[in-house]
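Below is one structure, written out as structure tokens, with a few remarks after it.
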Amino acid sequence: MGISAVSARPARYGWPRLCRLLGSCATRRPHGPAPAAVRPGRALHTARPRRQEVPLTCERYGLRRLPFSRLSRADVAFFEGLMPGRARTDPEELRAFNVDWLKAARGCSELLLKPKTAAEVSRVLRYCHERNLAVSPQGGNTGLVGGSVPVFDEIILSTALMSEIISFDPVSGILVCQAGCVLEKLNEYLGERGFVMPLDLGAKGSCHIGGNVATNAGGLRLLRYGSLRGTVLGLEVVLADGTVLDCLASLRKDNTGYDLKQLFIGSEGTLGVITAVSILCPQKPKAVNLAFLGCQDFSRVQETFTTCRAMLGEILSAYEFMDEKCMELVVKHLGLSNPLRGSPFYVLIETSGSDSTHDEEKLNSFLEQATTSGLVTDGTVAALWSLRERITEALTHDGCVYKYDISLPVGKLYDLVTDMRARLGHSAKNVVGYGHVGDGNLHLNITAESYSHSLLDAIEPFVYEWTARYNGSISAEHGLGFKKKQFIQYSKPREAIFLMQRFKAMLDPKGILNPYKTLPSSP
């Protein structure tokens, strides 16, 4: 078996031929504009399937509204005076902001605010704090756990117009920008200057950097560049009472006092509204290669990763796996072509470096070792990121999606998928698994024709109990939002949860910021 180039009729080539193909077919520039067929820069919202009206979250889950004030005409008049034309009350316009991307959660907010500056956010929150009006901060609304939309009638505070790039230092690679900058736009801006953002997501065409930070988003580059807890250098945050906390440092070293920015990274808008971000950006790789491989079982996926990490070393930038069911859904619902057929598992490997000859030699050596040892049974060298990035989109076309974002020891990563399939049987339409092997992150997805309480009861809390049994985390990168907040005890001890609730009470004593999210209700 050899690794083939993508063509109408896939062919097998010997290794001398592969070395020539690698330079012509695999090298690409993924961090800048790319052909639409390879890696389209799209907003996730364009791909939503048509469905019936989403049930109100408060009614579906039988929730009781907390004693916040009700929005009055005087309140609307105040906000219209503060930001003329940017305090919106049209129900049709609010519809999209009230529903999450998965169309699984819906609020009933009657007011959408679009500030442009931290000063405006400050005045909004100061007023809401005085009036006891609840607020739902929202970025690109691409979240998957119901954290970015209201549960009841909270005022939606959108960062869509906070999209200014404040500064970029080409010597240090430090970017400072407002929270509403779209991730893909930032990547394009940096690409023109020889740099890239340290994170990459399938939702890059819609998601905002402030929302990425607020949820501590992981994504496809974490293996190479680490998490946002390491690359974010500073934040500007507006607290619940309107206080502007300016910790927008542009220093890689600052050991003075507590590192307050870490409190807001991953806090999901419950402790403050992020209005600006300072982030360290790596230089853009000069040589990028991809390999798409087929494996016969998950143990070989793991062994391939171990071999890959040992042989590729510093140039390995991504190692993603997908099961056969994922590929079937991408082909069926999106019309994409899978160049490899008949493998139970697929692996996508990316290398990024500064010397194409050096990188291709290392990749060739790895591919030869992987195939001759039987770890890999089929493969191609081609730019196929869309097969991995668009799995989430394909799943939304398959019915109601129950999504779980789990961290586990790599050896146990796929066992959860197998056990869940056995548990649910024919009550689920599809049970699929894919994710980031390099950081032990599994995306478990279950689809059904429609939402079902009985199916949900069969999944939860089983999925969390299973995860806790192997010392995993119930949320690897999506956050807790509304859907997972009551299950945090499966990943955090009681003492830690109590301390988090104390932080919340101190920074937001009235609880107006993103209520009903992230933390379980205080006893």
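The strands (runs of 3 or more DSSP E) found entirely in region 316-393 that carry 2 or more residues being among the acidic types (Asp, Glu), within 28 Å of the chain's Cα centre (by Cα) and not assigned by TED's automatic domain parsing to the domain that holds GLY226 are 316-323. Residue-level check: of (1) surrounded by fewer than 19 Cβ atoms within 10 Å (Cβ to Cβ); (2) within 16 Å of GLY146 (Cα to Cα); (3) modelled with pLDDT under 95, PRO49 misses just (2). Any idea which of (1) modelled with pLDDT of 95 or more; (2) assigned to a helix (DSSP H, G or I); (3) of a type in the set (D, E, K, R) is the one GLU268 doesn't satisfy? Condition not satisfied by GLU268: (2). Which ones in region 240-265 are under 21 Å from GLY226 (Cα atoms), of a type in the set (D, E, K, R) and either under 19 Å from the mean Cα position of the chain (by Cα) or in a loop (DSSP other than H, G, I, E, B) (or both)? The answer is ARG252, LYS253, ASP254, ASP259.
Of the residues making up region 237-249, those that are farther than 15 Å from ARG123 by Cβ and either among the hydrophobic types (A, V, I, L, M, F, W, C) or in contact (Cβ under 8 Å) with a residue 24 or more places away in the chain (or both) are VAL237, LEU245, CYS247, LEU248, ALA249.
Any residue at all in region 116-129 that is surrounded by fewer than 22 Cβ atoms within 10 Å (Cβ to Cβ) and closer than 22 Å to ARG64 by Cα? Yes, some residue in region 116-129 is surrounded by fewer than 22 Cβ atoms within 10 Å (Cβ to Cβ) and closer than 22 Å to ARG64 by Cα.
The values are calculated or read from the model by the stated rules, or taken from the named source; none is laboratory data. This one's a predicted model, so the numbers in the text were calculated from it and none came from an experiment. All Cβ positions, even for glycine, are placed from backbone atoms using ideal geometry, and neighbour counts span all protein chains on display.
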